[in-house]
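The values are calculated or read from the model by the stated rules, or taken from the named source; none is laboratory data. From a predicted model like this one, the values you see are computed outputs, not experimental measurements. Positions of Cβ are backbone-derived with ideal geometry, glycine not excepted, and every protein chain shown enters the neighbour counts. Ligands, DNA and RNA are excluded from the accessible area calculation, which covers all protein heavy atoms including side chains. Shrake-Rupley method; radii C 1.70, N 1.55, O 1.52, S 1.80 Å.
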Amino acid sequence: MSLESDGGGGAGAKRRRVDEQGAQRKELEAAPVVRISALPDDLRRRILTRLPLKDAIRSGALAQGWRDLWKSRWADPTSCRAIHLLPGENPREVLETLESVPRRRLDRFSFVFENYKFRQPHLKRFFAYAAECRVEDLHVEVRGCNIGDGRPIFHLPLSSPLLAHLSLRNMTLFDMYYKGARPFYFLEPIHLHSINSGVKFSKVMALCPRLHTLDLRCCGCSRDNMLYGAEACTPLSLRRITLAVCNYGGIRLDLLPMPSLCSFRYSGRFSTSLFYLPKDATLTDLYICFSDREAIHQFFYYELDRALPDDLSGLTVLTICSNALKIASSLFNGRATPQWTKMNNLRSLRELQLLILGMEMDNLANIYLFLKACHCSNLERLFVQLPATSDVPLEDFVR
């Protein structure tokens with residue numbers, strides 16, 4: 001009898017636990033779901049202040065509402081310092097005021113100057129100050145002036161060891177201090193605008209082993225400076241590359257190891273600044289904009305085919321201009337050999353953006369041929385950007 005009684009009591013206790021767990025589960029299911037993206041901006045900024053800068057930047061991939069929110073994450077204004085040196089100001093006085101303040105760690109340091117009195121020794125003192133404050137996000141911009149006979153010089157090896165985000169505009173990268181320089185293990189995105197490079201770019205990449213975003217706009221350097229020696233030091237983590245109006249003469253990215261490359265954005269004169277991507281690249285985002293009509297030539301049909309990876313079936317977002325679209329549609333129209341059809345298998349494409357650079361009568365035909373041949377059966381979003389002005393009436397274009 002005692003055994004039966006104990007067994008019954010044990011089974012009853014087990015049933016009670018199951019019932020309690022079921023009740024708790026129902027209460028959780030009935031409770032309202034609070035999504036982090038639904039929180040007020042101020043509260044989300046406070047969350048970002050608790051994260052390292054690189055993780056705060058990565059939060060921009062969560063959703064549209066998080067993009068660039070990290071830039072305003074600093075609740076303490078003393079952790080972010082911005083200096084704008086205007087014409088007429090005395091650089092030495094500004095420096096003395098800055099250096100008189102006790103050093104403390106800064107999340108972000110932004111320095112913009114448009115002052116003809118500014119000299120390279122002044123700039124070096126500003127960089128030394130940023131390094132002493134262990135700055136994570138550094139932005140330096142020159143507006144409308146040079147130092148002496150040339151652009152101001154930036155020396156990457158003299159930067160803060162915690163540097164995680166670098167943005168330079170209208171400056172020169174110089175070949176000094178690189179021998180024995182320590183790597184920047186936290187530096188992931190680099191944005192360069194209107195930069196002349198007197199340094200082999202391979203040296204820059206060798207100091208950034210975790211670089212994942214390289215954004216080059218209106219930059220100029222020789223092709224040798226861009227690629228020489230880069231095969232052995234290209235960061236394997238490099239995922240996104242932007243080349244916009246850069247005068248390199250030709251970028252042979254297909255010669256570099258880039259197993260993680262998933263996004264490539266190009267804008268410029270394809271006839272004078274060709275690009276060639278790795279054949280085994282698995283892109284998910286591709287942006288192509290040719291500003292020159294000379295690219296619409298039989299020779300460039302072949303060059304465009306060589307420039308692209310062999311397999312574009314994983315592409316999910318494609319942005320293509322009307323000049324490039326005309327080349328692609330010609331490939332599908334029987335005027336090219338069969339192997340020139342790398343865009344005929346876009347089965348993963350979800351979003352297509354068409355940049356119409358001029359109102360021409362054959363634009364609609366090119367769009368039709370492209371959509372018919374590329375087999376993008378999973379397309380969800382189609383955007384068409386028309387030029388701001390045109391000599392062709394819209395009703396004539398539609399006809």
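Here are some notes:
- Across the protein chains, with a 1.4 Å probe defining accessible surface, the residues Ile57, Ile320 rank Ile57, Ile320 from largest area downward.
- Protein-only accessible surface at a 1.4 angstrom probe places the residues Lys71, Lys326 in the order Lys71, Lys326, largest first.
- Restraint check, Lys200/Lys342; Lys71/Lys124; Lys203/Lys279; Lys117/Lys179; Lys203/Lys342; Lys326/Lys372, Cα-Cα greater than 23 Å: Lys200/Lys342; Lys71/Lys124; Lys203/Lys279; Lys117/Lys179; Lys203/Lys342
- Using the average count of surrounding beta-carbon atoms within 10 Å as a protection proxy, the listed peptides 344-352, 178-186 rank, highest first, as 344-352, 178-186.
- Ser273 accessible area, 1.4 Å probe, all protein chains in place, Å² to nearest 10: 10 Å²
- Protein-only accessible surface order, largest first, of Asp285, Asp280 at 1.4 Å: Asp280, Asp285
- The modelled label-to-label distance for the pair Asp254/Asn378, using points 7 Å beyond Cα in the direction of Cβ, is 2.7 nm.
- Based on Cα atoms of the stretch 90-184, Rg over Rh with Rh as the Kirkwood radius reads 0.94.
- Fully extended contour minus Cα-Cα distance, from Asp310 to Ser263, at 0.36 nm per residue: 15.4 nm
- In this simple spin-label approximation, Ser167 and Cys218 carry label points 7 Å from Cα along the Cα→Cβ vector, and these lie 1.5 nm apart.
- Burial order of peptide ranges 254-263, 161-170, 358-367 (average beta-carbon count within 10 Å, highest first): 161-170, 254-263, 358-367
- With DNA, RNA and ligands ignored, accessible area of Met176 (1.4 Å probe; Å², nearest 10): 80 Å²
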